[in-house]
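K.L.:
Quick one: this structure, given as structure tokens, is what I'll be asking you about.
What follows draws every value from the coordinates through simple rules; no lab data is involved. Just so it is clear, the structure is predicted and the values come from calculations on it, not from any experiment. Heads up, the Cβs are rebuilt from the backbone with ideal geometry, glycines too, and the neighbour counts pull from every protein chain shown.
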Amino acid sequence: MSASAARPDTSTTAWIVTGPTSGIGHRTALELAQRGIVVLVGRSPDKLDAVQQEIAARGGRAVPVMADLSDITSARRAATLITELDLPIGGVLNNAGIMPLRAFTTAQGWDGAFATNHLGPFAFTEALIPSLPDRANIVFVCSAAEDPDRKIAVQAGFRGSRYISAEASARGEWLPGGSTHAGFDAYATSKQGNLATVFALAREHPRLRFRAVEPGVTPGSNLTREMSAPMRAFSRMVSPFAPLIPHYSTPKRAARLITQVLTDPAEATGTYCDENGRPMRASTQVSEPDYSDRYVAETRALLATTPAATR
Ligand SMILES: NC(=O)c1ccc[n+]([C@@H]2O[C@H](COP(=O)([O-])OP(=O)(O)OC[C@H]3O[C@@H](n4cnc5c(N)ncnc54)[C@H](OP(=O)(O)O)[C@@H]3O)[C@@H](O)[C@H]2O)c1
């Protein structure tokens, strides 16, 4: 039997999307609603409600699940709630993310960007894995900011991942020589955590498909909400021309690509593609299996200090 023949009817398949209330995740939720039920995972009940209604108005079906991904207990509780929905899951999109300029800490006392972008999504994914059917696709929206050799990211002020250890990252400590914005080091390091997760979990779970997408610089989203007013105005100005600029994209275009990767029944796992769907080179560091395995092992050890979620 071919991989595609083994797939359930896509109209009843459930697609889980984190961060569906804005930017790339919002557009992707609308795309996915044409291919089945969308499980909307977000932190704001009002925003989730608005997206659910938007999907219903288009004749689709969505189920909201509350989760603050910066809070590990909340992330794990959301996974439990989703499992209890007992839906035929086709795939999971880990899209939610933040790019703060300044460092901040969560209620748990961990670096905010590291917790939101890496620790929460990692805990959420690991808690869901036992209930995912064979060949389910798990996609992470990654960022080339993790790569210190990525010119366009360096020009924007990033210095690549500054990973020392998961514990150090949770404390907001980064390798010296980083960005002038502490938040950028946290962002680049946490997004490298997403890639390490895709590469390491693809090796660990051959029954599932782990894939990474770099959506392209997408000025039409809200990711740069903390930037100065002139920078945000520039982003708005550039947004309509994004498809014409190398490495840039729009939320709609990124959503189409991500939907394609998330719903692709091919066997491909441990893959990473760019904004055009072409294979993308990760940093030398995270491409090394020993390194991505260490990143994941240290993440698990850190998360083991947080009690497992109950309802
Ligand atoms: N935009 C780019 O240029 C770019 C480039 C490369 C990669 N990416 C990646 O693309 C992904 C989507 O970003 P975007 O550009 O679409 O940004 P966005 O418009 O700001 O959307 C971010 C989404 O994440 C959600 N979120 C933030 N913190 C959360 C938390 N603690 N718990 C649960 N949900 C949370 C937001 O919810 P609220 O609506 O409640 O705030 C929102 O739905 C991110 O992973 C980002 O790193 C973006």
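K.L.:
Working only within segment 100-116, note down all residues that are out of contact with any helix residue (DSSP H, G or I) (no Cβ under 8 Å at 6 or more places or on another chain) and either among the basic types (K, R) or near the ligand (Cβ under 8 Å from one of its atoms) (or both).
P.N.:
none
K.L.:
Separate question: Output the residue which, of all residues in segment 38-53 that are in contact with a helix residue (DSSP H, G or I) (Cβ under 7 Å, 6 or more places away or on another chain) and not small (G, A, S), is farthest from F140 (Cα to Cα).
P.N.:
Step one: filter segment 38-53 for residues in contact with a helix residue (DSSP H, G or I) (Cβ under 7 Å, 6 or more places away or on another chain), giving 38-42, 51.
Remaining after also requiring not small (G, A, S): 38-41, 51.
Numbers: V38: 17, V39: 16, L40: 16, V41: 14, V51: 21 Å.
Ranking the qualifying residues of segment 38-53, first place goes to V51.
K.L.:
Further, regarding this structure: For segment 273-290, give me each residue that is outside any loop (DSSP other than H, G, I, E, B) and surrounded by fewer than 18 Cβ atoms within 10 Å (Cβ to Cβ). Walk me through it before giving the result.
P.N.:
Initial filter on segment 273-290 (outside any loop (DSSP other than H, G, I, E, B)): 273, 279, 284-287, 289-290.
Scanning segment 273-290 gives P279, T284, S287, P289, D290.
K.L.:
Are any residues in segment 100-124 surrounded by fewer than 23 Cβ atoms within 10 Å (Cβ to Cβ) and not aromatic (F, W, Y), and if so, which ones? Before the answer, list the steps.
P.N.:
Restricting attention to segment 100-124, the residues satisfying the condition of being surrounded by fewer than 23 Cβ atoms within 10 Å (Cβ to Cβ) are 100-109, 112.
Scanning segment 100-124 gives P100, L101, R102, A103, T105, T106, A107, Q108, G109, G112.
K.L.:
Could you pull out the residue among V92, V38, V17 that is buried (at least 24 other Cβ atoms within 10 Å of the Cβ), without any contact (Cβ under 8 Å) to a residue 40 or more places away in the chain and under 21 Å from D264 (Cα atoms)? Give the derivation first.
P.N.:
Values: V92 fails: without any contact (Cβ under 8 Å) to a residue 40 or more places away in the chain; V17 fails: without any contact (Cβ under 8 Å) to a residue 40 or more places away in the chain.
None of the other options fit; the residue is V38.
K.L.:
Next question, about the same structure. So, in segment 177-194, of the ones that are over 15 Å from the mean Cα position of the chain (by Cα) and among the polar types (S, T, N, Q), which residue ends up nearest to F140 (Cα to Cα)?
P.N.:
Here the answer is S179.
K.L.:
So which strands (runs of 3 or more DSSP E) stay within segment 4-99 end to end and still have 2 or more residues that are within 20 Å of L208 (Cβ to Cβ) and within 11 Å of the ligand (Cβ to nearest atom)?
P.N.:
Per the criteria, 14-18, 89-94.
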